[in-house]
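Chemist: Have a look at this one before I ask anything.
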Amino acid sequence: MTDTTYVLLFEGNSTDNGFAGGAGSFDVWIKGYNFSTGISSGLPFGGSGNDFAERITAKNSGGYIFTGNSFSSDGNLTGNYGSSDIWIMSLQSNLSVAWSKHFGGSGDDRGIAAYQLADGNIMIFGNTQSSDHDVNNQHGINDVFVIKLNSLGDTLWTKTYGGTGADYILDAKYVDDTTFVLVGVSNSSDGDFVFRDKLIPYSGFYYVIDENGNYVFGGSLGTMDETEMMFSDVIIESPYHAMAFGVTYTDSIYNCSDIYQGGGDICLVDFNGMSSVNPYLAGGANDDGVNFDMEEYVKAAKINTNQYAFCTNTRSTTLAPDFHGVMDVWLSFIEVQHVSVPEAEVFQINVHPNPAENIVFVDNVKYGDVSQYEILDIQGKLLLHGQYNEDGIDISGLEKGMYLLKIKSGNSTGITQIVKQ
């Protein structure tokens, strides 16, 4: 792929006009596009069942990593565990298949994205409703599913994230080889994606993990009535500082002064540090941020320090004087006056026991003046603080529930969730 040549990834069930050779009802097609020569012939991939494309990313030494979902067990697929499986292919530059693998279990499993790291290993991100085959330790109705492979497609490890409800990612973003961002929606009142009070069935979240699948930092926000909120994109500014973009159907949101316009509105949330959360709304009287299938989606990019752009769909005729039809593409530029959070060195906190009734201990910090601790509630209110020592931290005076433990050790800062039982 060059500045004038692009890879096109899509599904189709046509068998003529440049689409001959497909094997099933829906096949995945990969074609090239050049501004001078147009669309190349490309190739179809899949089997006799329905097969769907999600993303294609570049490999280190040329070629591509394909992420999709498959109901097939033949053709380019070597089997199927049941329903939809996550489908990953390693392709050469000429689109020949180096290997093709499927992952999941007997439930519905969906791939979102895959990225190759500098060492050749591959991180795969998706959702799962399975509890067998490749999926271990299922938490609830739907879990976030992360897989790490070597360059040959062999599984190194798998992990699931979520709570006892339904937790989905709508995107997984690569920041660097040690930083990946999961962004989506959760209706669990427990588990990995609970950072603040959850008073509604669904909350939007972002969740940062490292190359070993360990939690680094994250945030979530819901509404104060029984209305959905979801995130589909996030821009990481620095540790504990992120701009999340999604869709909501209310203005009953913590610390939000904007007025809900109707239908679906775009929700922008400035997670600025550990405790500062500033939501904003944008939209018109009809549905914004949803496609013809009523699926919520908005994508964003950073322009400069305080300016962002987002792109989505809209049915609101009041947003622009030149509204064209039933649904238009909406591109908007916004400015957010947030206070920048300085960069900080972040380390992983290891706490035991967790949950705890009385005392919690932090394994990987020094004692004395060099290590200070803070315990905050999930709204960011400071409850306890002091110097950390060998006696641990006494949480016996706290009410039962979830809290944030922040440790500053030297020039490094770490944060994790603890549960008082």
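The values are calculated or read from the model by the stated rules, or taken from the named source; none is laboratory data. Everything numeric here is computed off the predicted structure, so don't read it as measured data. Neighbour counts are summed over all protein chains in view; Cβ atoms, including those assigned to glycine, are modelled from backbone coordinates with ideal geometry.
Chemist: Just one of I86, I39, I56 is in contact with a Phe, Trp or Tyr (Cβ under 6 Å, 6 or more places away or on another chain), hydrophobic (A, V, I, L, M, F, W, C) and surrounded by fewer than 19 Cβ atoms within 10 Å (Cβ to Cβ); which is it?
Modeler: Sole residue among the options that is in contact with a Phe, Trp or Tyr (Cβ under 6 Å, 6 or more places away or on another chain), hydrophobic (A, V, I, L, M, F, W, C) and surrounded by fewer than 19 Cβ atoms within 10 Å (Cβ to Cβ): I39.
Chemist: Quick test of your reading of the structure: S276 fulfils all but one of (1) closer than 16 Å to V336 by Cα; (2) modelled with pLDDT of 90 or more. Name the failing condition by number.
Modeler: Against the list (1) closer than 16 Å to V336 by Cα; (2) modelled with pLDDT of 90 or more, S276 comes up short only on (2).
Chemist: Before we move on, is N306 under 24 Å from Y174 (Cα atoms), touching a strand residue (DSSP E or B) at 6+ places or on another chain (Cβ under 9 Å), assigned by TED's automatic domain parsing to the domain that holds E335 and in contact (Cβ under 8 Å) with a residue 12 or more places away in the chain?
Modeler: In short, yes.
Chemist: So, one more: For the stretch 77-162, which fully contained strands (runs of 3 or more DSSP E) count at least 2 residues that are among the hydrophobic types (A, V, I, L, M, F, W, C) and within 23 Å of L9 (Cα to Cα)? Walk me through it before giving the result.
Modeler: Details: elements: 85-91, 97-103, 109-116, 122-128, 143-149, 155-161.
By residue number, 85-91, 97-103, 109-116, 122-128, 143-149.
Chemist: If the requirement is being buried (at least 16 other Cβ atoms within 10 Å of the Cβ), more than 25 Å from P355 (Cα to Cα), of a type outside the set (A, V, I, L, M) and within 12 Å of the chain's Cα centre (by Cα), which of these qualifies: Y161, Y174? Show your work before the answer.
Modeler: Numbers: Y161 fails: more than 25 Å from P355 (Cα to Cα).
Exactly one of Y161, Y174 is buried (at least 16 other Cβ atoms within 10 Å of the Cβ), more than 25 Å from P355 (Cα to Cα), of a type outside the set (A, V, I, L, M) and within 12 Å of the chain's Cα centre (by Cα), namely Y174.
Chemist: So which of Y308, Y280 is assigned to a strand (DSSP E or B), touching a Phe, Trp or Tyr at 6+ places or on another chain (Cβ under 8 Å) and among the hydroxyl-bearing types (S, T, Y)? Explain how you work it out, then say what you get.
Modeler: On the way: Y280 fails: touching a Phe, Trp or Tyr at 6+ places or on another chain (Cβ under 8 Å).
Exactly one of Y308, Y280 is assigned to a strand (DSSP E or B), touching a Phe, Trp or Tyr at 6+ places or on another chain (Cβ under 8 Å) and among the hydroxyl-bearing types (S, T, Y), namely Y308.
Chemist: So, S83, is that one farther than 22 Å from Y174 by Cα, hydroxyl-bearing (S, T, Y) and within 20 Å of the chain's Cα centre (by Cα) or not?
Modeler: Here the answer is no, as S83 does not meet what is asked.
Chemist: Further question: Somewhere in the stretch 40-54, is a residue more than 24 Å from D16 (Cβ to Cβ) and in a strand (DSSP E or B)? If you could, list the steps in order and put the result at the bottom.
Modeler: Residues of the stretch 40-54 that are more than 24 Å from D16 (Cβ to Cβ), as a first pass: 54.
So of that shortlist, the ones also in a strand (DSSP E or B) come out as 54.
Yes, some residue in the stretch 40-54 is more than 24 Å from D16 (Cβ to Cβ) and in a strand (DSSP E or B).
Chemist: Inspect all residues belonging to the stretch 318-330 and state whether any of them is hydrophobic (A, V, I, L, M, F, W, C), under 16 Å from M230 (Cβ atoms), over 19 Å from the mean Cα position of the chain (by Cα) and not in a loop (DSSP other than H, G, I, E, B).
Modeler: Scanning the stretch 318-330, I find no residue that is hydrophobic (A, V, I, L, M, F, W, C), under 16 Å from M230 (Cβ atoms), over 19 Å from the mean Cα position of the chain (by Cα) and not in a loop (DSSP other than H, G, I, E, B), so the answer is no.
Chemist: L91 is checked against (1) touching a strand residue (DSSP E or B) at 6+ places or on another chain (Cβ under 7 Å); (2) surrounded by fewer than 20 Cβ atoms within 10 Å (Cβ to Cβ) and fails just one. What number does that condition carry?
Modeler: Every condition holds for L91 apart from (2).
Chemist: Being under 23 Å from G140 (Cβ atoms), touching a Ser or Thr at 6+ places or on another chain (Cβ under 8 Å) and either free of Cβ contacts under 8 Å to residues at least 12 places away in the same chain or crowded, with 22+ Cβ neighbours inside 10 Å (or both) is true for just one of F245, F231, F205, F180. Which residue is that?
Modeler: Being under 23 Å from G140 (Cβ atoms), touching a Ser or Thr at 6+ places or on another chain (Cβ under 8 Å) and either free of Cβ contacts under 8 Å to residues at least 12 places away in the same chain or crowded, with 22+ Cβ neighbours inside 10 Å (or both) holds for just one of F245, F231, F205, F180, which is F205.
Chemist: So, one more: Can you pull out every residue in the stretch 215-230 that is over 13 Å from V247 (Cα atoms) and part of a loop (DSSP other than H, G, I, E, B)?
Modeler: Once the filter is applied, which keeps residues that are over 13 Å from V247 (Cα atoms) and part of a loop (DSSP other than H, G, I, E, B), the stretch 215-230 yields M224, D225, E226.
Chemist: Could you tell me which residue of the stretch 354-397 is modelled with the lowest pLDDT, considering only residues that are of a type in the set (A, V, I, L, M, F, W, C) and surrounded by fewer than 16 Cβ atoms within 10 Å (Cβ to Cβ)?
Modeler: Restricting to residues being of a type in the set (A, V, I, L, M, F, W, C) and surrounded by fewer than 16 Cβ atoms within 10 Å (Cβ to Cβ), the top hit is V370.
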